[in-house]
Amino acid sequence: MAAAASPASVALAGTDTTQAALDAYAKDISFVNPVRPAGVVRPKNAEEVQRIVEFANRTRTPLVPVSSGPPHFRGDTVPSVGGATIVDLSGMKRIINVQRANRVAMCEPGVTFGELIAEVTKHGLRLNMPLLPRKTKSVVGSLLGREPVVMPKYQWDISDPLACAGLFFGTGDEFRTGQAAGPGTIEEQWAVGGMQKAPYGPGTPSLHRLIQGAQGTMGIVTWASMRCELRPSLEEPFVLGASQLEPLLELAYWLVRLRMANECFILNSTNLAAIFAQDFPNAYQNLKATLPPWILFYTVAGYEYLPEERVGSQLKDITTITQRLGVEPVRAAGAVSANALLRAVQQPSEEPYWKLRPKGACQDVFYLTMYEKLESQVAAMSDLAEKAGYPAANLGVYIQPVVQATSYHCEFNLFYDPENRQERMRVKEISSLAIGSLMGKGAFFSRPYGETAGAVLNRDAATIAVLKTFKQIFDPNQVMNPGKLCF
């Protein structure tokens, strides 16, 4: 573990160099190599962020932006080089604006899902959020990570629900993306009705795409706006269990493409039991035994005007589809009710975080794919796990339609005991082998982290060349999270 402190980083006013602070950021729940930072700074506003970036350029101090609280999972917040300074943005807690008429909210990177949910609820809005994020998860961090959201019918682009962002590039230059770029200040735009909701621009480029998935290698975001949705006045949740994946995939496809369902996703019994079990392993195994192998969850909603009529009409149309497929939605899957699942997925995960409950640690393998490739990919991953000595029955699976069900986020969750070296090394081996195996079956790893990034990006020299060109433009001194992605 690198322990040497950089004189430049220590010279930055307010740097925390205590042993406890450095150790907290030296590693996470991933397989990246531990590297102790030289210091931790905790800016409170955008002006302080700009001073930090300018200082880093003068002194060539590597910066690692962090917005979410612990635990961290993917290695992007662990320094890849010695002498780095952690820029902890979790103290930037301002909810800048919530506007119901245009269904938009704006906040700083330290705001968590629980905090923003409470505020937008007051305005009759709701967030299109990931599946059960941890309580310490930053909303802005999730948006920048392009994490899949559970209401795909409201997702029109893979970047949704991110709208605009304010940031400082690695050069120290301030920038605003999308509609927020101008003309005028944010306050001047508000005065004439601008709401920073359109992400495209400025001009013809869509520069919000440059910072999404960049893992802090291009700059530091100090605020972001996001598209919200109206809170329903009536919600009818359903679950549908099956022994095979195919009928659930087809129903989910039609529910989203015909815009009938709000929340819509598929879990296997391992993941659903992990979400609801309160005791491990006994209660977990007992609950899992009551569940079908695969569970589709969806919600039909009505709003302010004629909610009962709207819901009734949609349920009638859905019945036509389910009868054709020979399946029957119900109000509970085993011991888990649809209402309980609806309440759960509209909030952050209860503590402990659901992915840590089974064994204390979890490694995720996730990618984008197409409908017709999903079943073979799930089978391939199960076969790979079995051959490596990891029971396929213990493998968690989460399938999320994205962008109007034009594609799917597929995620495998490998639960393991971090204190058991044999288990840990087995999971590390499986997650590494899975990349090549799944790519051979059409998986697209659009958000690679850690060693995965090298395995994925090295297959496309043209993409690496373009990314390095952008890096030279926006971070010529290579101070922003060096060592991540292909930098």
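The values are calculated or read from the model by the stated rules, or taken from the named source; none is laboratory data. Everything numeric here is computed off the predicted structure, so don't read it as measured data. Reconstructed Cβ throughout: ideal geometry from the backbone, glycine too, with neighbour counts over all protein chains shown.
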Which of the following residues is within 30 Å of Glu174 (Cα to Cα) and at pLDDT 95 or above: Val378, Val427, Val402, Val479? Val479
Residues in the range 346-365 that are within 20 Å of Pro293 (Cβ to Cβ) and of a type in the set (A, V, I, L, M): how many? 1
Yes/no for Thr319 being closer than 14 Å to Ala261 by Cβ and either surrounded by fewer than 18 Cβ atoms within 10 Å (Cβ to Cβ) or at pLDDT below 95 (or both): yes
So for the range 236-249 (the condition being assigned to a helix (DSSP H, G or I) and surrounded by fewer than 21 Cβ atoms within 10 Å (Cβ to Cβ)), does at least one residue qualify? yes
Flagged pairs (Cβ under 6 angstrom, 6 or more apart or on separate chains; first in the range 36-53, closer than 22 Å to Asp76 by Cβ and outside the structural domain of Gly110 (by TED's automatic domain parsing); second small (Gly, Ala, Ser) and in a helix (DSSP H, G or I)) are Ala38/Ser9; Gly39/Ser9; Val40/Ala21
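Matching residues to (1) modelled with pLDDT of 95 or more; (2) crowded, with 20+ Cβ neighbours inside 10 Å; (3) of a type in the set (S, T, N, Q):
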position	(1), (2), (3)
Gly124	yes, no, no
Arg134	yes, yes, no
Val139	yes, yes, no
Gln155	yes, yes, yes
Arg176	yes, yes, no
Tally of residues being β-branched (Val, Ile, Thr), in a helix (DSSP H, G or I) and within 17 Å of Gln215 (Cβ to Cβ) across the range 50-74: 1
Can you name the strands (runs of 3 or more DSSP E) wholly within the range 116-219 that have at least 1 residues being aliphatic (A, V, I, L, M)? 125-127, 162-169
Which pairs do you get when a residue that is more than 19 Å from Arg447 (Cβ to Cβ), found in the range 466-487, comes within reach of a residue that is among the hydrophobic types (A, V, I, L, M, F, W, C) and not in a loop (DSSP other than H, G, I, E, B), reach meaning Cβ atoms under 8 angstrom, with the pair 6+ apart or on two chains? Phe474/Phe169; Phe474/Leu210; Asp475/Phe169; Asn477/Ala56; Val479/Val53; Val479/Ala56; Val479/Leu63
Exactly one of (1) surrounded by fewer than 24 Cβ atoms within 10 Å (Cβ to Cβ); (2) within 18 Å of the chain's Cα centre (by Cα); (3) of a type in the set (Asp, Glu) is unmet by Glu119. Its number? (2)
Within the range 420-430, does at least one residue satisfy the condition of being outside any strand (DSSP E or B), in contact with a helix residue (DSSP H, G or I) (Cβ under 7 Å, 6 or more places away or on another chain) and not assigned by TED's automatic domain parsing to the domain that holds Met218? yes
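Against the definition (of a type in the set (Phe, Trp, Tyr), buried (at least 16 other Cβ atoms within 10 Å of the Cβ) and under 19 Å from the mean Cα position of the chain (by Cα)), how does Phe113 come out, yes or no?
yes
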Could you list, in sequence order, the residues of the range 188-201 that are of a type in the set (D, E, K, R) and either under 25 Å from the mean Cα position of the chain (by Cα) or closer than 16 Å to Cys107 by Cβ (or both)? Lys197
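Residues being under 27 Å from Arg424 (Cβ atoms) and modelled with pLDDT of 95 or more: count how many of those fall in the range 1-20.
The qualifying residues number 2.
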